[in-house]
Amino acid sequence: MKQNMNILLSFITILAIALVAAAAAESQIAGNVLTGIAPYLVLAVFLSGFVYRIIRWAKSPVPFRIPTTCGQGKSLPWIQNNPVENPAGPLGEIGRMAAEILLFRSLFRNSQTEIVNGRTVYGSAKWLWLFGLLFHWSLLVILFRHLRFFTEPVIPFVMGLSALDGFLEIGVPALYISDMTLLAGLVFLFLRRVVLPQVRYISLFTDYFALLLIAAIASTGLLMRHFFPVDLNAVKTLAMGWVTFSPPAPAQANALFYLHLCFVFVLVAWLPWSKLMHMAGIFLSPTRNLINNNRSQRHLNPWNAPVKVHSYEEYEDEFRDKMKAAGLPVEKE
Amino acid sequence: MKTLLKPSEISRAAGRLCRIGPGELAPLPPPYEDFNATVPKPLNEDKIKNIEASLDDTLAIGIPKPATKEEEEELIRRFLSGLRKLFERENNWTFLRQLTLSLEHCARCQTCSDACPVFEMSGRQEIYRPIFRSEVLRRVCKKYLTPGGKMTAKWTGDIDLNWTAIARLAELSYRCSLCRRCASVCPIGVDNGLIAHEIRKLFSQEMGIAPKELHEKGTVLHLRAGSSTGMNPLAAKDSVEFIQEEMEEITGCPVEIPWDREGADILLIHNAGEMLAWPENVGAFAILFQAAGLSWTLSSETAGYDAVNYGLWYDDVQLSRVALRHADIARRLKVNKIVVGECGHAHKALIETSDRLLTGKLNIPRESALVTLENIVMSGKLSFDPQKNDFPVTLHDPCNYVRSMGIVEPQRRILRRIAPRFREMTPHGVDNYCCGGGSGFAIMSGYNFTDWRNLVSSRKKFLQILQAFENEPPQTPRYVCAPCSNCKGAIRDIIGYYKAEERSRLYYGGLVELIVNALDGMKKPIIQFGEEPSWQ
């Protein structure tokens, strides 16, 4: 089965990356490359790819206001409009985009129809919304928490966030809630792709790979935190070295840490070229980010090529004498 | 369980890609169970000998098979060059950002599938899934338009491009009614409806492939004869004269329907189909506008009495030609505004999409008839007797009003005022379902397409209508209010196909008829249930 091949291939690719990382831990030179050169290379690929995609999207014309209108538009003064679901001004639009990006408003709309005893029943289908939201928020929190490696002194916000995230105080070091919710989200999203035949049949290598890669990063991270502790001071020194453009020579290679690092590098470098770019695309999506003021405001099309106009008046001015001489009627004498 | 069809099969599988077996369509409630095993009439094999019919059980376009190998290669070449143009700002600036984004950043979560009535009602046939055709296009673009695409195709989704795939893709773009319900649930704003539209555009503008009802007998006829119904200005005037007489019987006093009155406040443009199929809609507008004392006119210029603009569905060039004609007629009549009658796609085309085309003197204000009607009904100038509409009424929301323009409330405010037994469908408003006739389906009837529409794309609407009325006593006549000619056409066909007038006493009509039916001072009701008048 092709679909199973895709899952298998994704696993194999992840394992291959792991092997490369493990090998790097064994070799001094490879380790130096991984911690000294690779971060900058990866960052360059990421930034250039990201900027390239954004510029390409941003440059394509959007002459038409084509938002999906999910509520009554602004109309006559006595008709109640829905300023967020069908924004008539920039404030509503910001509200709509915020709901879209922070709360996944549209995904929440998803409903499911079933036929129960010959009757169509409209049920809500919020599982994807719930786990999708958990996953994305956890990812963001985890990303923020990692700032503690890159700032000195650590930004208070990051400290506060970490404290809040670990407030359950289970185990030492404290278990982070976001780690658990991230794993829950990943498991759900992965199982959904694998178990539902209707989703699995159309899933590609890249779909599984994205999930597995993030899972690999999360699990290596968790292993380092809870089971095979790494020297956090060394990690911090390394990270601060990157930020200050003076990466130190790695003190002692830690295979787990190298694995974690390798997975992150692959993710970051691959991201701009993959479907994960929806993180930027959503901001540019005309079905969402446009104000629905088609009828209240005039929108001229700035993308038309300039047309050189030669009006009849100008034409007559130019040829008036000749026209008169030929006996042609003229509008102005 | 059937093995699920993959997008790559579009270029490989032999025979028809998808056949709907008896009993696979979503079941209907009693007394319509006898339709549960019905499938579209088989295509006449003699008639389709030289036609590409390898997608499913029906045909929307009916593309002739290429006669020679060279011809076939030429078609493939033109497809690829057209596809390239689709992504160039010089050649396709209209929806470029949305198209590029939709193809590039889809996260493949499949939320859209559950939103699609065609997919759901067809018994979840894979080819009707909103992302199926998008995925085909996405893979073709990745593999054939991006450098190195052929090498990465194995990983990003492989597909072979051949004539079979292209012909199937063309047909497949006419299995989506462009209702954009999927776009409204997408968490990142991908618009699969737009992708279907762009595919149609590519085939029409670059390869001359489009259903004849939309092109030769649609926009081309519209611009040449004056109406896509083929009615010329004289015939239009004739039929309006007849409507005028009919209306005078209803009002009991003279009804004036003005033609070409220069300097009138309003130019009213109907969908000309109304004049032929639903004359009482045109008449009701005249009665109401006269009663409200509006200054208005119709136009008898070529295309001036037909608001349709089929270009919206398949061809940007034809869209522009028709829109310019409409605006120019209004300019020459020196009216203050154009009011678009009860026609959903004409609303979108003339009021919104052509806004970018109509500059200078052509930029004449354009208003939705629903808003004009709301203004008349709620102004208090006219008196109504809602008790005359003492029958159950439900409202069908045309997709163009609600999901593309956000006109949701005016029609409801009117109904709450004049229809005491109004009830909503589930779901309704911006979450509505398409009538199944959207994007030209209602007028497309070649081969057995009507069968497919009634059985598959309109099935959801039929279920919704039945459910809206399910607690009514069996003998009560029920009125489906559909303020859009296209939707009315589709609903008329549903009622006819399923014999729903006999079985469920279903009747249908527009919104303005309901208003006039409740208007005080009328001699006779304008709404009739078969032979039975709606009030005495």
> When you take every Cα atom in the protein assembly as shown, what is the radius of gyration, and what is Dmax, the widest Cα pair distance, in Å?
Replying inline: 30.6, 103
> How about residue B:65: which aspartates and glutamates have a C-alpha closer than 18 Å to its C-alpha, ignoring those fewer than 8 places off in the same chain?
Replying inline: B:45, B:46, B:52, B:56, B:57, B:73, B:74, B:171, B:206
>> Antiparallel versus total DSSP beta bridges in the stretch B:381-533: what percent is that, nearest 5?
In response: 25
> For the stretch A:2-325, what is the relative contact order in percent, using Cα pairs closer than 8 Å and at least 6 residues apart in sequence?
Replying inline: 31
> Taking accessible area as the heavy-atom solvent-accessible surface of the protein chains with a 1.4 Å probe, which residues of the stretch A:62-87 lose no less than 30 Å² upon going from the isolated chain to the full protein assembly?
Replying inline: A:63, A:64, A:66, A:68, A:69, A:70, A:72, A:76, A:78, A:79
> Simple spin-label model, 7 Å along Cα-to-Cβ: residue A:78 to residue A:121 in nm?
Replying inline: 4.3
>> Solvent-accessible area of residue B:65, probe 1.4 Å, all protein chains present, reported in Å² to the nearest ten, please.
In response: 100
> Can you pull out the GluC sites (Glu not before Pro) in the stretch A:100-185 that DSSP calls coil and that have at most 13 other Cβ atoms within 10 Å?
Replying inline: A:169
>> Using a probe radius of 1.4 Å on heavy atoms only, what accessible surface per residue do you get for chain B? Whole Å² is fine.
In response: 33
> Using a probe of 1.4 angstrom, how much of the accessible area of the stretch A:1-79 is carbon and sulfur, in percent?
Replying inline: 77
> What number, in percent, do you get for the relative contact order of chain B if the mean sequence gap of Cα pairs under 8 Å and at least 6 apart is divided by its residue count?
Replying inline: 15
>> Sort B:158-170, B:14-26 by the packing proxy (mean of other Cβ within 10 Å over each peptide's residues), most packed first.
In response: B:158-170, B:14-26
>> Within chain B, what whole-number % of the accessible surface is contributed by carbon and sulfur, with the 1.4 Å probe and all protein chains included in the calculation?
In response: 51
> If one takes the accessible area of chain A alone plus chain B alone and subtracts that of the pair, with a 1.4 Å probe, what total in Å², rounded to the nearest 100, results?
Replying inline: 6700
> Counting DSSP beta bridges in the protein assembly as shown, what percent are antiparallel, to the nearest 5?
Replying inline: 35
> What whole-number value in Å² describes the accessible area per residue of the stretch A:1-143 for a 1.4 Å probe?
Replying inline: 52
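Protein chains only, probe 1.4 Å: how do A:177, B:63 rank by accessible area, largest first?
Descending accessible area places them as A:177, B:63.
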>> Under 8 Å for C-alpha pairs, at least 6 residues apart: give me the relative contact order for the stretch B:274-340, rounded to a whole percent.
In response: 20
> the stretch B:369-388: which residues show an accessible-area loss of 10 Å² or more, assembly versus chain alone, 1.4 Å probe?
Replying inline: B:371, B:374, B:375
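Within 10 Å of each Cβ in peptide B:148-160, how many partner chain Cβ atoms are there on average? Round it to a whole number, please.
2
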> Fully extended, how many nm does the chain gain between residue B:262 and residue B:531 (0.36 nm per residue separation, minus their Cα-Cα distance)?
Replying inline: 92.8 nm
>> A drop of at least 40 square angstrom in accessible area, chain alone versus all protein chains together, probe 1.4 Å. Which residues of the stretch B:170-206 meet that?
In response: B:180, B:184, B:185, B:187, B:188
>> Computing the accessible area with a 1.4 Å probe over protein heavy atoms, can you report the carbon and sulfur percentage for the stretch A:141-241?
In response: 77
>> Beyond 27 Å, how much of the Cα-Cα pair distribution for the stretch B:381-533 remains, as a whole percent?
In response: 21
> Using alpha-carbon positions, what is the distance between the centroids of the stretch A:311-333 and the stretch A:48-83, in Å?
Replying inline: 48
> Between residue B:523 and residue A:246, what is the label-to-label distance in nm when each label sits 7 Å out along the Cα-to-Cβ direction?
Replying inline: 10.2
> In chain B, what % of DSSP beta bridges are antiparallel (nearest 5)?
Replying inline: 15
> Are any of the pairs B:217/B:334; A:74/B:142; B:388/B:499; B:85/B:154 more than 32 Å apart by Cα-Cα distance, and if so, which?
Replying inline: A:74/B:142
>> Among the complete DSSP H segments of chain A, which ones combine at least 15 Å of alpha-carbon extent along their axis with a mean Kyte-Doolittle hydropathy of 0.0 or more?
In response: A:2-26, A:38-59, A:90-103, A:127-145, A:177-195, A:205-222, A:232-243, A:255-270
>> Averaged over its residues, how many other protein chain Cβ atoms are within 10 Å of peptide A:276-283's Cβ atoms?
In response: 5
>> By the 4.7 Å beta carbon criterion, which cysteine residues of chain B come out unpaired?
In response: B:18, B:106, B:109, B:116, B:141, B:176, B:186, B:253, B:343, B:481
>> For the pair residue B:382/residue A:195, report the inter-label distance in nm, with labels modelled 7 Å from Cα in the Cβ direction.
In response: 5.7
> Using bins 20 angstrom wide from zero, how does P(r) for chain A break down, in % of all Cα pairs?
Replying inline: 21, 45, 22, 8, 4, 0
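The values are calculated or read from the model by the stated rules, or taken from the named source; none is laboratory data. Fair warning: this is a prediction, and the values are worked out from it, not measured in the lab. Because the Cβ atoms are built from the backbone with ideal geometry, glycine has one as well, and the counts that use them run over all protein chains shown. SASA here: full protein model, heavy atoms, side chains in, ligands and nucleic acids out. Shrake-Rupley method; radii C 1.70, N 1.55, O 1.52, S 1.80 Å.
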